[in-house]
Amino acid sequence: MPTLWWCRRDLRLADNPALVAAVEAARAAGDEVAALHVLDPALWGAAGGPRRAYLARSLASLDEATGGRLVVRHGDPREVVPAVARETRAAEVHVAASYEPYGVARDEAVEAALPDVGARLVRTGSPYAVAPGRVLTRTGTPFQVFTPFREAWVAHGWRDPVPRPREVPWATVRSDGVPEDPGTDAHLPAAGEAPARQRWHEFVADRLAGYATERDRPDRPATSGMSIPLKWGELHPRTLLADVRSALHDGLVPSDDALAYRSELAWREFHADVLFHHPDAAHRSLRPVVPEDAWAEGTDEDAYLAAWAAGRTGYPLVDAGMRQLLGEGWMHNRVRMVVASFLVKDLHVRWQRGAAHFMAHLADGDVAQNQLNWQWVAGTGRDASPFFRIFNPVTQARKFDPDGTYVRRWVPELRGVEGRAVHAPWTLREQPAGYPERIVDHAVERRVSLDDFERARRS
């Protein structure tokens, strides 16, 4: 009777507490471990092409790492997991706990069904260094502001990474097979635990030093690119935290850089915590910021959204970011903030429309991170950027892409424009061939948004 390890967002063998628990249970019983992944049509169907392609490739990598023993079944996990437990006569199903709304409901249903087939669900670990819900204020309430959350999160601490189990006794169980790679036009990084680990080690060695000042530069390879491996659990955040701590203690990086990277991971955990306490934040603003009549409607909204999504707004940094999203299934974080601000505050399109577009194209599309980051920019979330903070796409471009390298990479129509004029092509005598005129005037729309905000404040 093998023990089941049901992997979801932990497609790795190293630093995987749920896998370790499954292996220990199997060895105690003198039996094997069946590695199970359920291809859930509710999640597969909702994912865009880049996420589906990356997941298929990551599963293929995990299958290879298990010696071809990964069991993939297609269907609703609420039915499939109990069925596999019955089929294998497994007494335990080991998982890393889920905290997002869909995952919580799914796991509760599976947990309720397993006793009928003589099994139980065992949760060990989570996709986070500290599980959502554990870090609370002194009065026992959830944090509303990031900085005190981060301080309490650091004070709480996290366990050290656990070693990869040696010589796992993998069971042979019928599989529907790893899904075929559906392909995507986006150029994605290599999927799987080993390639992700290699990229991470290269970042620590070559780019962690300087991260605090360089991370906002989309024209330079200054970020770690770990959002996709973290999304799929090819690496665990506490692995990254341990490596950053080691690099700091070994004198390889300045403290500012190590703390800056740790802070970015803390934002990830803060957003997960907010969604855990407010599940409806996935779709509903946590607070209103402008009157309902402030938003674009009908054909105007659709036209604005289409131009923004295609990278045809006439604002080079915005267009470069949206084209990078289509080209790589990823976008630099600074640029994500700029394009989100532009959609919400220049084009007056609700943040939910932009968030849905991101989820359709991001390989790192994660409900907590995507939705709560959009709410941060829109001013509707917890500890959000004030609505009246409106990113100027030209100012941002000149500050963080001063030579126009990023813009010229993604907007070929502007490669012939010299100097800083590349960030404001409407100031040229002639509009560059093939590049659109500005869809709106930022200064005008900024004033409209501020007036709308003031109307809401007074009402």
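For segment 206-246, what are the residues that are part of a loop (DSSP other than H, G, I, E, B) and more than 19 Å from the chain's Cα centre (by Cα)?
Arg207, Leu208, Ala209, Gly210, Arg217, Asp219, Arg220
Results for (1) without any contact (Cβ under 8 Å) to a residue 40 or more places away in the chain; (2) crowded, with 21+ Cβ neighbours inside 10 Å; (3) not hydrophobic (A, V, I, L, M, F, W, C), shown as yes or no for each residue.
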position	(1), (2), (3)
Leu343	yes, yes, no
His361	no, yes, yes
Asn373	no, yes, yes
Ala397	no, yes, no
Ala433	yes, no, no
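Can you report the number of residues in segment 187-216 which are among the hydroxyl-bearing types (Ser, Thr, Tyr) and under 15 Å from Leu230 (Cβ atoms)?
0
Restricting attention to segment 423-454, report how many residues are of a type in the set (A, V, I, L, M, F, W, C) and touching a Gly at 6+ places or on another chain (Cβ under 9 Å).
The qualifying residues number 5.
Inspect all residues belonging to segment 69-83 and state whether any of them is at negative phi, buried (at least 19 other Cβ atoms within 10 Å of the Cβ) and small (Gly, Ala, Ser).
no
Residues checked against (1) touching a strand residue (DSSP E or B) at 6+ places or on another chain (Cβ under 7 Å); (2) aliphatic (A, V, I, L, M); (3) in a loop (DSSP other than H, G, I, E, B):
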{"position": "Pro127", "(1), (2), (3)": "no, no, yes"}
{"position": "Leu136", "(1), (2), (3)": "no, yes, yes"}
{"position": "Pro163", "(1), (2), (3)": "no, no, yes"}
{"position": "Asp176", "(1), (2), (3)": "yes, no, yes"}
{"position": "Leu188", "(1), (2), (3)": "no, yes, yes"}
{"position": "Ala196", "(1), (2), (3)": "no, yes, no"}
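Which one of Ala260, Ala282, Ala320, Ala272 is surrounded by 16 or more Cβ atoms within 10 Å (Cβ to Cβ), under 26 Å from Arg382 (Cα atoms) and outside the structural domain of Gln198 (by TED's automatic domain parsing)?
Testing whether each residue is surrounded by 16 or more Cβ atoms within 10 Å (Cβ to Cβ), under 26 Å from Arg382 (Cα atoms) and outside the structural domain of Gln198 (by TED's automatic domain parsing) leaves just Ala282.
Enumerate the pairs (first residue in segment 435-459 and hydrophobic (A, V, I, L, M, F, W, C); second residue anywhere and surrounded by fewer than 15 Cβ atoms within 10 Å (Cβ to Cβ)) with beta-carbon separation below 8 Å, excluding pairs fewer than 6 apart on the same chain, so at least 6 apart or on different chains.
Cβ pairs passing all conditions: Leu450/Phe388; Phe453/Phe388; Ala456/Pro288; Ala456/Pro291.
Here is a list of conditions, (1) touching a helix residue (DSSP H, G or I) at 6+ places or on another chain (Cβ under 7 Å); (2) farther than 26 Å from Arg398 by Cα; (3) among the small types (Gly, Ala, Ser), and Ser263 meets all of them except one; can you say which number that is?
Condition (2) is where Ser263 drops out.
Looking at Arg284, Arg312, which one is part of a loop (DSSP other than H, G, I, E, B), within 24 Å of Trp410 (Cβ to Cβ) and either at pLDDT below 95 or of a type outside the set (S, T, N, Q) (or both)?
Of the residues listed, the single one that is part of a loop (DSSP other than H, G, I, E, B), within 24 Å of Trp410 (Cβ to Cβ) and either at pLDDT below 95 or of a type outside the set (S, T, N, Q) (or both) is Arg312.
Among the residues of segment 163-193, write down those that are among the aliphatic types (A, V, I, L, M) and either within 19 Å of the chain's Cα centre (by Cα) or assigned by TED's automatic domain parsing to the domain that holds Ala47 (or both).
Within segment 163-193, Ala186, Leu188, Ala190, Ala191 qualify.
Quick one: in segment 400-431, of everything that is among the charged types (D, E, K, R) and surrounded by 14 or more Cβ atoms within 10 Å (Cβ to Cβ), which residue is nearest to Ile390 (Cα to Cα)?
Asp401
How about segment 1-44: which of its residues are under 18 Å from the mean Cα position of the chain (by Cα) and either in a strand (DSSP E or B) or more than 16 Å from Leu121 (Cα to Cα) (or both)?
Selection gives Arg9, Asp10, Leu11, Arg12, Leu43, Trp44.
Taking the condition assigned by TED's automatic domain parsing to the domain that holds Ala356, closer than 23 Å to Phe387 by Cα and surrounded by 16 or more Cβ atoms within 10 Å (Cβ to Cβ), does Glu297 pass? Spell out the reasoning first.
On the way: assigned by TED's automatic domain parsing to the domain that holds Ala356: yes; closer than 23 Å to Phe387 by Cα: yes; surrounded by 16 or more Cβ atoms within 10 Å (Cβ to Cβ): no.
In short, no.
Checking the condition within 30 Å of Glu214 (Cβ to Cβ) and either aromatic (Phe, Trp, Tyr) or out of contact with any Pro (no Cβ under 6 Å at 6 or more places or on another chain) (or both), which residue from Ala281, Ala247, Ala242, Ala272 passes?
After applying the criteria, what remains is Ala247.
Where residues in segment 93-128 are of a type in the set (Asp, Glu) and more than 30 Å from Phe149 (Cα to Cα), which of them is surrounded by the most Cβ atoms within 10 Å (Cβ to Cβ)?
Ranking the candidates gives Glu111 first.
Gly140 fails exactly one of the following numbered conditions: (1) under 29 Å from Ala272 (Cα atoms); (2) modelled with pLDDT under 95. What is the number of that condition?
(2)
Quick check on Ala131: is it crowded, with 19+ Cβ neighbours inside 10 Å and more than 28 Å from Ala196 (Cα to Cα)?
So Ala131 fails the test.
Can you name the condition, by its number, that Ala90 falls short on among (1) under 30 Å from Gly183 (Cβ atoms); (2) of a type in the set (A, V, I, L, M, F, W, C); (3) crowded, with 21+ Cβ neighbours inside 10 Å; (4) in contact with a Gly (Cβ under 9 Å, 6 or more places away or on another chain)?
Result: Ala90 passes all but (1).
The values are calculated or read from the model by the stated rules, or taken from the named source; none is laboratory data. The structure presented is a predicted model; accordingly, all values stated were derived computationally and were not measured. Cβ atoms come from the backbone with ideal geometry, glycine included; neighbour counts cover every protein chain shown.
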